[in-house]
Every structure is written in structure tokens, then in C-alpha cells.
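> Input: one structure, supplied below.
The values are calculated or read from the model by the stated rules, or taken from the named source; none is laboratory data. Keep in mind that this is a model prediction, so the values were computed, not measured. All Cβ positions, even for glycine, are placed from backbone atoms using ideal geometry, and neighbour counts span all protein chains on display. Heads up: the accessible areas ignore ligands, DNA and RNA and are worked out on the full protein's heavy atoms, side chains in. Shrake-Rupley method; radii C 1.70, N 1.55, O 1.52, S 1.80 Å.
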Amino acid sequence: MDETAIDQPPAQRRDWWRGAAIYEVYPRSFADANGDGTGDLAGVRAHLPYLRDLGVDAMWFTPWYPSPMADGGYDVADYRAIDPLFGDLAEAETLIKDALEYGIRTIIDVVPNHVSDQHAWFRAAVAAGPGSPERERFWFRDGRGRNGEEPPNDWTSEFGGRAWTRLVGPDGVPEQWYLHLFAAGQPDLNWSHPDVRREHEDVLRFWFDRGVAGIRIDSAALLAKDPGLPDLPAHPRPGDHPYLDRDELQEIYRDWRRIAEEYGDDRVLIGEIWLPDPDRFVRYLRPDVMHSAFNFDFLTAPWDARVLRASIDTTLTLHGRVGAPATWVLSNHDITRPVTRYGREETGFAFDRKRYGIASDRDLGERRARAAALLAMALPGAYYLYQGEELGLDEVEVPLDRIQDPMHFRSGGVDPGRDGCRVPLPWEGEKPPFGFSPDGVETWLPQPEEWARLTAQAQSADPSSMLSLYRMALLIRRTHPDLGDGRLDWVESADGVLAFRRGTSFMNITNVSASAVQLPAHERIWLTSAPLEGGRLPTNATAWLRLPA
């Protein structure tokens, strides 16, 4: 390693979140310790040495709370407990503590827009009936039409179909409708109600008291609603949408920021914010609101040098305006896996383009995914990776009779859903369940037989594997003084090439063009995503260089 390596990796610094490598754990699919075919916290705890050796600074858990799993755990029934599928609260507390001993902080999901229809509040609201105080915590309304047979407005669910479901009373008579911007089992909360705000503030303190380092806020721009619940305007202006990005949200998150800061300047709020207007987006990253937010523009960008360059420039400019760190993400639990996506003719991502049977060139996709990983890790800010990304797992077309994702069913079966990127990880062995569960156990989603060559065990023994590439790249990123948070300077390069310097000694070159390119003068090559060809960087490849002093 470089003799200028820093002494303090990101996880040990108070502002660790500005340049950290953060690993997303989807607990249902990480590792199964109790042999029931579903991942659990004990499975994560058993693999903490793997995460340490991978070189991550923090792990982010998707919801681990009690849930009927109408939407993969994002329908929360109780924020102060752990779903028995995964373990219990004592196990979570032990996992948080043990992870810190490995230098790994814990970030958890909070889903403030809605709860499960099995949450105590919603069950009480249904039982209490129309006009009750219990219903004021949600959006219950009478229907339109002569007999209330039409929903209160024309809003649609994020999963397709209308955003309203009508209750039927114990006597079989239809009564009020309730709002759910996602599945029917996820009723939206009324954030103008003081109970809702107070409850979520208490939930933050509950988990900060147990040592979590950060909160990832799901669907962060959807909480506030126009109390009149009007129909959607044809072309709402920024800030005028009846349920997206309303100005009331800023004060909600300022209150959350004050709570985080009560626990110290190393506790963070991270928003999931999908907004087309960059000026509206950056408001959430002002110093008194959130610390960080996911970069969906880069995540969904196609493998195209001009588009990637524009996304990088826009991201850094916007974040620079408010002094917030950028984030770089290639995949998550909702998005088609990079190896599959980058092997398709259309390499960008959009939910409305997900379909069955889209052809993908596995070799090309893997080559581009390796190059994209090094590119993303070299950029200024924090880097997020989703479990299995480091193994180069591909998107699985889950058999129709095994699909569980409501996005598939709400689309009428047109959308394959998100289960394909949530298939349980392969750890070892030659056949399913590949060490995820004990031999002979059927996993909750089926694993492909061909994943035998992609197990963590097989890749650990192969210096050219995706896992080996990630381990080395994350080691360099963690210890090189010019990487992580900081400055980027573009270097003039040929069309289709992304070349930039970090500090005085580090250069990244990503070749997205159709032909190999000559490397500039350098003292050494830190790492390449693919072997050089006659001293030249081949197409769909990235090189990290040490520059002359």
C-alpha cells in the first residue's frame, strides 16, 4: 500500500458518513442460522468477519420489525420489536454491539409514510369506526358517488392501481375508504396529527439509545399530504403536488435532525428521495435537515460516458451548494442487479420498463459492472453496495408460483417485480441452498443452480473474481488519503473516457468507448477491473493509477 495511507478509516471518524462504504443487508436473504429457509440476525452476526474482510464501514438493514410481509417488511407493525423471522430485540442489540467491535456501524430503516394494516393504531381505527379520534391518525374518507362507491380522489398507488381501499363493516356493509400510496396493507399516516410526529420521534430515540448510528428514511418525500386531498393536477409545479415533496416536510426533518444531534455528531439521517427537480432535492440536504440522500440519478444512469459525466457533475455541484456529501449507488433491493442490467441493450433503469425475458449478455454485463464499481468507489462521497453485488450475482427470473412481490401482482403480472434481486445469497457448496441454509432446506426464494461458481467460498479462492476485486478496491478506498470525501478534478480525455484526479496522486480512468485507450504516465497501477491489452486499457474497464509526484 501507499506509504501515505491515513491512520483513521472512515468508520472511526465523527463524520464517518461523508466517505464511508455502506453495505445494504436485506436480512431475509443474507444468511439463515436457524434453518427455516429465511435469513435472520444470527446469520448476519455469524458473517460479521466476512463484512469486516470485505472492508465496509457500516451496514444498513432494510426493515427488521414485525411485519405481515405485504411489501417485504416495509409494512411495519411494531417499531420497538424484531420480527420473529429474524430474531428478537436482544439479538438486534447484540448484533449492533458486536458489529461495532468489528468497526462496522449499523443503520436501520424507518418507514414513516405508512404502517402495516396489522399495526395497533390501524386495527384500533378500523374497530372505532367513522368519525373516531383513532381514524384521524390516518386518511379515512367517505367515497364519492351516490353511495360512496367511488374513491375519494384519483390518486394511484406506487405499485399500480388506485391508492384507496374501502373497508367493509362487520355487518357486511361498505363504509369509508383509506389511503395507501403503496399496497393496501400499508395505510398512509396523517403527518398533520401530533400523535404521528411524537411517535416517530420516540422511535428514533428508541433505536439511537440502542446504538444505531443512522436512520435511512424510506419514501422520505411522501409523508405530507394536502389536507383537502384534491385530485392530481395535470402539471403540478414543484412544491404544489398534493402528496409529493410538500414544504411541511422540511420542519419534520429538522425536528428529526435535532434528535439525532442530541446523540452526537456521528448520528446520521439518510433520505430515500426520488425527485426530478434538483433544486427541490437539495433542500433536504441543508445543514439543519438531513445529512445525506441516495443518488438515484447515478443509480439509474445508462452505461454511457456523457450521461455518467453529466450525472457526476450535477451531483457534485448540487451537494457542494449545501456542503453535503454525495452518495454513489449501483444497486439496491428494488433495482435490477448491475451484471444483468449492464448486459442489456438498454443499460439504464426505470421501473416502468421492467419486463420478463429481456436478453442480457452475462460476460458483457459483468465486465461493465466491474468497471462501474471502481468508477463509483473512486468518486467523492459515500459508496453504497447491496448484498451480492460484490459477488456479481445476476437478476433471477423467479418462477411465477414463487413470486411474492406486490409490485408484480398490482401490475397484473406484467412487471416481474423485485424478487429477482432479493434471492438468498450463495455462501458455499455446489448446489442450493449454497450454505445460506442447512443442506436440504428450501429457501424462501429459489436460488439458481448456476450460482455454484459465484459462492463467496469459490470467489475467495480466485484472485480474479468479483469478490476479490471488491475487497481490494474497498481496501484501497479505505486507506488512500485522496479517496472518500473530497475534491474531484476532471482530466482531458478522449470521447467515451471518464478520467479524473483525486488529490495529487490518484487517477481514475474508465473507458466506456468502443476501443482500448492508452494510459497516461503513471508510477504504478493500483488496480484494474480487467487485464490491460498491450499496455492499453480495454473497453468497458476502469484503472486506478498512482501518478508521479
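> When both residues are 6+ apart or on different chains and their Cβ atoms are under 6 Å apart, which pairs have a first residue that lies in segment 416-442 and is part of a loop (DSSP other than H, G, I, E, B) and acidic (Asp, Glu), and a second that is at pLDDT 95 or above and open to solvent by 10 Å² or more (accessible area, probe 1.4 Å)?
Listed by first residue and then by second, the contacts come to Glu428/Gly435; Glu428/Gln457; Glu430/Ala452.
> How many residues, within segment 468-485, are in contact with a helix residue (DSSP H, G or I) (Cβ under 9 Å, 6 or more places away or on another chain) and assigned to a loop (DSSP other than H, G, I, E, B)? Before the answer, list the steps.
First pass over segment 468-485, keeping only residues in contact with a helix residue (DSSP H, G or I) (Cβ under 9 Å, 6 or more places away or on another chain): 468-471, 473-474, 476-478, 483-485.
Right, trim to assigned to a loop (DSSP other than H, G, I, E, B) and you get 483-485.
Qualifying residue count for the region: 3.
Here is a yes/no grid of residues against (1) closer than 20 Å to Glu24 by Cβ; (2) open to solvent by 40 Å² or more (accessible area, probe 1.4 Å):
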residue	(1), (2)
Phe351	yes, yes
Arg355	no, yes
Gly392	yes, no
Phe409	no, yes
Cys421	yes, no
Pro433	no, no
Asp439	no, yes
Leu445	yes, no
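> Select, from Arg146, Arg162, the only residue that is within 28 Å of the chain's Cα centre (by Cα) and open to solvent by 60 Å² or more (accessible area, probe 1.4 Å).
Unique residue meeting the criteria: Arg162.
> Can you find, within segment 118-144, the residue that is farthest from Arg205 (Cα to Cα) among those that are assigned to a loop (DSSP other than H, G, I, E, B) and either touching a Pro at 6+ places or on another chain (Cβ under 6 Å) or of a type outside the set (Asp, Glu) (or both)?
Filtering first and then ranking leaves Gly143.
> List the pairs whose first member sits in segment 378-401 and is hydroxyl-bearing (Ser, Thr, Tyr), whose second member is assigned to a loop (DSSP other than H, G, I, E, B), and whose Cβ atoms are under 6 Å apart, counting only residues at least 6 apart or on separate chains?
These pairs meet every condition: Tyr386/Ser331; Tyr386/Asn332.
> Which of the residues spanning segment 503-531 are polar (S, T, N, Q) and either assigned to a loop (DSSP other than H, G, I, E, B) or surrounded by 19 or more Cβ atoms within 10 Å (Cβ to Cβ) (or both)?
The answer is Thr504, Ser505, Asn508, Thr510, Asn511, Ser513, Ser515, Thr528, Ser529.
Conditions (1) assigned to a loop (DSSP other than H, G, I, E, B); (2) among the β-branched types (Val, Ile, Thr); (3) surrounded by fewer than 20 Cβ atoms within 10 Å (Cβ to Cβ), marked per residue:
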site: Arg197; (1), (2), (3): no, no, yes
site: Leu204; (1), (2), (3): no, no, no
site: Arg216; (1), (2), (3): no, no, no
site: Ala234; (1), (2), (3): yes, no, yes
site: Asp240; (1), (2), (3): yes, no, yes
site: Arg246; (1), (2), (3): yes, no, yes
site: Gln250; (1), (2), (3): no, no, yes
site: Trp256; (1), (2), (3): no, no, no
site: Ile270; (1), (2), (3): no, yes, no
